[in-house]
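Please treat every number below as a calculation from the coordinates, not as lab data. Keep in mind it's a predicted model, so treat the numbers as computed, not measured. Every residue, glycine among them, receives a Cβ derived from its backbone with ideal geometry; neighbour counts consider all protein chains shown.
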Amino acid sequence: MKNYLVLDIGGSAVKYAKMDEEATILEKGSVKTPVDKIENLIEVIGFLYDQYQEEIEGIAISMPGVIDVKRGYTYSGGFLRYNTNVEFVKLVQQRCPVKVTIENDGKCAALAEVWRGSLKDVNDAIVIVLGTGIGGGVVINRKVHKGSSSFAGEFSALRLNNEHLDEGEYTWGFLGGAKQLSNKVAEVKQLNKDEVDGYFIFEKANEGDEEVLAVLDAFTKQIAAQIVNLQCVIDPERVAIGGGISAQPLLIDYIKKNLDHFADNFGHYKPSVDVVPCTFRNDSNLIGALYHYLTYTA
């Protein structure tokens, strides 16, 4: 069976895995993501390739940004600003002379769920990944929809406040990611930001901490509001929530509670939608990147 080097490039770490065609993870690890310049990122990829080059057929990459997968070109790099307007695949192949594919991380998460996860039995769906920003994917007729410029699913750019439409910090990605949840809990608990993570938040929430539950309620109400907005456009059968905190049942319960609130106050008919956690959580980008590689045709 053939093996592949699969990379999930994030804002803080590059997760890597050697995987087979059945998405079995044979080895995995992570290294720090360079944040200064693209040459250093390419060298990190090259370092990992050097370790596995005798064992793999090619490299499948999940990464942030607006991406032309056929050209191998990144129009933007998300939080990795140096990946703006870059012939990314060509640069990687100059260092690693094998087949290389790239795809947006949110779309990779959606591909993983369609292939073997929580969306394998539905036609139309949405994936929302709660990370540093808001990643995502739109699934129509079991295919991840890209749109005319590969921008479909870039939920981070959605505007949140009509009084601040010209201000970039009032976008869902800036205000609605998991990091913002941690920051708000740190604020109300009067703690340093580095003292608060998802484990802390949900330990307190599950203990019934009223301050933390109030923050969680406001956070998930914002998610529910955007799900309603997306329903108005796409009308999905199911919404899958990804990111590390999606493993917490309380998060899904609060999203559903707030969706019920909007349904009760909608004023006219609004179809219900099934909300579930992503199956693969932190491995979804790796699995989706592999699926993209295996199904990619130039």
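Given a cut-off of 22 Å, name the pairs among LYS107/LYS204; LYS37/LYS90; LYS143/LYS270; LYS32/LYS70; LYS184/LYS204; LYS15/LYS37 whose C-alpha atoms lie farther apart than that in the structure shown.
LYS107/LYS204; LYS143/LYS270; LYS32/LYS70
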> According to a simple spin-label model (label point 7 Å from Cα along Cα-to-Cβ), what is the distance in nm between GLU187 and TYR199?
Replying inline: 2.6 nm
> Kirkwood Rh, Cα Rg: Rg to Rh for region 121-278?
Replying inline: 0.97
>> I'd like the orientation of helix 284-295 relative to the chain: the angle between its Cα long axis and the longest Cα principal axis, in ° from 0 to 90, rounded to 10.
In response: 50 degrees
> To the nearest 20 debye, what charge dipole does the chain have about its Cα centre, counting +1 at the Cβ of each Lys and Arg and -1 at the Cβ of each Asp and Glu?
Replying inline: 720 debye
>> Averaged across orientations, what area in nm² does the convex hull of the alpha carbons in region 205-266 project?
In response: 4.6 nm²
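Set the Förster radius R0 to 30 Å, insert the Cβ-Cβ distance between GLU55 and THR295 as r into 1/(1 + (r/R0)^6), and round the FRET efficiency to 0.05.
FRET efficiency, GLU55 to THR295: 0.85.
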> Efficiency by 1/(1 + (r/R0)^6): what FRET value for LYS2 and THR84, r their Cβ-Cβ distance, R0 = 35 Å, to the nearest 0.05?
Replying inline: 0.55
>> Can you tell me the orientation of helix 38-52 relative to the chain, as the angle in degrees between its alpha-carbon axis and the longest Cα principal axis, to the nearest 10?
In response: 70 degrees
> Taking a threshold of 18 Å on the Cα-Cα distance, which of the pairs LYS221/LYS256; LYS28/LYS193; LYS18/LYS99; LYS2/LYS120; LYS28/LYS146 fall above it?
Replying inline: LYS28/LYS193; LYS2/LYS120; LYS28/LYS146
>> Can you tell me how region 195-298 classifies by the Cα gyration tensor, rounded, prolate or oblate, using a/c under 1.5 as the rounded cut?
In response: oblate
> At each listed q (0.08, 0.15 Å⁻¹), what is the log10 of I(q)/I(0) that the Debye formula gives for the chain modelled as equal alpha-carbon point scatterers?
Replying inline: -0.35, -1.18
>> Highest mean first, how do 23-32, 56-65, 285-294 rank when packing is the count of other Cβ atoms within 10 Å averaged over residues?
In response: 285-294, 56-65, 23-32
>> How tilted is helix 249-264 with respect to the longest principal axis of the chain? Cα atoms for both, answer in degrees (0 to 90, nearest 10).
In response: 50 degrees
>> Can you compute the charge dipole magnitude of region 57-179 about its Cα centre, using +1 on each Lys and Arg Cβ and -1 on each Asp and Glu Cβ, nothing else charged? Give it in debye, rounded to the nearest 20.
In response: 560 debye
> Any idea what the relative contact order of region 121-278 is, in percent, if you count C-alpha pairs under 8 Å spaced at least 6 apart?
Replying inline: 25 percent
> How do PHE174, PHE155 rank when sorted from fewest to most other Cβ atoms within 10 Å of their own Cβ?
Replying inline: PHE174, PHE155
> What's log10 of I(q)/I(0) for region 1-72 at q = 0.24 Å⁻¹, Debye sum over Cα points only, no solvent?
Replying inline: -1.17
>> Please compute the length gained on full extension between SER12 and LYS99, using 0.36 nm multiplied by the number of residues separating them and subtracting their Cα-Cα distance.
In response: 28.8 nm
> With each run of n ≥ 4 DSSP H residues scored as -39500 (n - 2.57), what mean residue ellipticity at 222 nm is computed for the chain after dividing by its residue count and rounding to the nearest 500 deg cm²/dmol?
Replying inline: -12000 deg cm²/dmol
>> Taking the Cα centroid of region 52-116 and of region 239-262, what is the distance between the two, rounded to the nearest whole Å?
In response: 29 Å
